1. Residues in the range 261-312 that are among the hydrophobic types (A, V, I, L, M, F, W, C), closer than 15 Å to Gly234 by Cα and in contact with a helix residue (DSSP H, G or I) (Cβ under 8 Å, 6 or more places away or on another chain): how many?
2. Can you name every residue in the range 83-134 that is aromatic (Phe, Trp, Tyr) and touching a helix residue (DSSP H, G or I) at 6+ places or on another chain (Cβ under 8 Å)?
3. I'd like to check something: does the range 37-47 contain any residue that is farther than 15 Å from Ile295 by Cβ and buried (at least 21 other Cβ atoms within 10 Å of the Cβ)?
4. Do we have Arg252 as charged (D, E, K, R), open to solvent by less than 30 Å² (accessible area, probe 1.4 Å) and within 21 Å of Leu50 (Cα to Cα) here?
5. What tally of residues in the range 186-203 results from selecting those that are at pLDDT 95 or above and part of a loop (DSSP other than H, G, I, E, B)?
Amino acid sequence: MARRDFAGTPVGAVGLGCMGMSWAYSASERDDDASVALIREALDLGVTFLDTAQVYGDGHNEALVGRALAGGHRDRAVLATKTGLVVDRAAAGGMRRDGRPEHVGRSAEESLRRLGTDTIDLFYLHRVDPAVPLAETWGAMAELAAEGKVRRLGLSEVTVAQAAEAHAIHPVAAIQSELSLWTRDAMGAPGGGAGAFSGDSTAGEGPGDVVGWCAANGAAFVPFSPLGRGFLTGTVTAADFEDTDFRGRNPRFQEEALKANLRIVDVVRAVAARHGATPAQVAIAWTLAQGGHVIPIPGTKKPRYLRENAGAAAVELTAADLDELDGVPPAVGSRY
């Protein structure tokens, strides 16, 4: 697989988001043994940039990734996890933010234990806590870097102003935000407030051109959900999900919105047909085309989709393809 640079370390151009192995999507499809095998196959394919978080399955996903990397596989991966969100069944969406320095330190120790490692390669602030100054949270994370418990620091779903504030204290190595053909908030697209993370005080304002900020400041930009939570693969054509699958409550996947959004998939299919590729590969290739610093992390639990996603790194979109894809209609419905 083609490689990209993350803070001086070569990684596969396409990474792997591990969240769905433990949380958010169909519970009936989860299989820990199969997920361990898939993560190891990913490493064999050159998919070396692995993403998890403390809140995914309330620690389960970190433990699962740690199990997959045990037995001599840890050095083959660049491992990212996150702090700042905790499971809270009483909170909206089943989670709440916690950016207190004491939580950051404690959660890092818990992550190290679950992951079975001495050092985390990339430690993200999952969401900024509006009740805690960003400087305090980021300062506590910087202390972890100074202690050698984490190598690099990142942010998730932040504005340009927040990125700049953090970067002035300690270098921001990566920003992770949703980016796909139907979610372009992080590129400063008009209407970027199409639903920031639920409860976000910046909802409606848009984050600004975060992708461009990363390019200008030597940070990687890491798109999550580059496949539009599966929609851009062209396989989701009806609003029919298990009760455990959060897409059943997502505005973009409600029946009328979903039907309207299929116009986007039609364009992706047309470009894919010209390249002998799949719609998923074209959707991922579009994110890769946004800059050499962009490292998408599509998630999957199935080996055939893993191999398909990895193959996106070999799809070279033309200027005409990009013009056509850039012109797809805006998504109907907010993203949360």
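The values are calculated or read from the model by the stated rules, or taken from the named source; none is laboratory data. Computed from a predicted structure; not experimentally measured. Heads up, the Cβs are rebuilt from the backbone with ideal geometry, glycines too, and the neighbour counts pull from every protein chain shown. For accessibility, only protein heavy atoms count, side chains too; no ligands or nucleic acids. Shrake-Rupley method; radii C 1.70, N 1.55, O 1.52, S 1.80 Å.
1. 12
2. Our first condition is that a residue be aromatic (Phe, Trp, Tyr); within the range 83-134, this holds for 123-124.
Hit for the range 83-134 is Phe123, nothing else.
3. yes
4. No, not satisfied.
5. Counting residues in the range 186-203 that are at pLDDT 95 or above and part of a loop (DSSP other than H, G, I, E, B) gives 1.
Results for (1) open to solvent by 20 Å² or more (accessible area, probe 1.4 Å); (2) more than 20 Å from Val14 (Cα to Cα), shown as yes or no for each residue.
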{"residue": "Met95", "(1), (2)": "yes, yes"}
{"residue": "Ser107", "(1), (2)": "no, yes"}
{"residue": "Asp121", "(1), (2)": "no, no"}
{"residue": "Ser156", "(1), (2)": "no, no"}
{"residue": "Ala168", "(1), (2)": "yes, yes"}
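Table: residues versus (1) at pLDDT below 95; (2) crowded, with 21+ Cβ neighbours inside 10 Å; (3) assigned to a helix (DSSP H, G or I).
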| residue | (1), (2), (3) |
| --- | --- |
| Arg247 | yes, no, yes |
| Ala257 | yes, no, yes |
| Ala273 | no, no, yes |
| Ala283 | no, yes, yes |
| Gln290 | no, no, no |
| Leu306 | no, yes, yes |
| Ala312 | no, yes, yes |
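Okay, residues lined up against (1) out of contact with any Lys or Arg (no Cβ under 9 Å at 6 or more places or on another chain); (2) among the charged types (D, E, K, R); (3) touching a residue at least 24 places away in the same chain (Cβ under 8 Å):
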| position | (1), (2), (3) |
| --- | --- |
| Val86 | no, no, yes |
| Arg113 | yes, yes, no |
| Thr117 | no, no, yes |
| Asp121 | no, yes, yes |
| His126 | no, no, yes |
| Met141 | yes, no, yes |
| His170 | yes, no, yes |
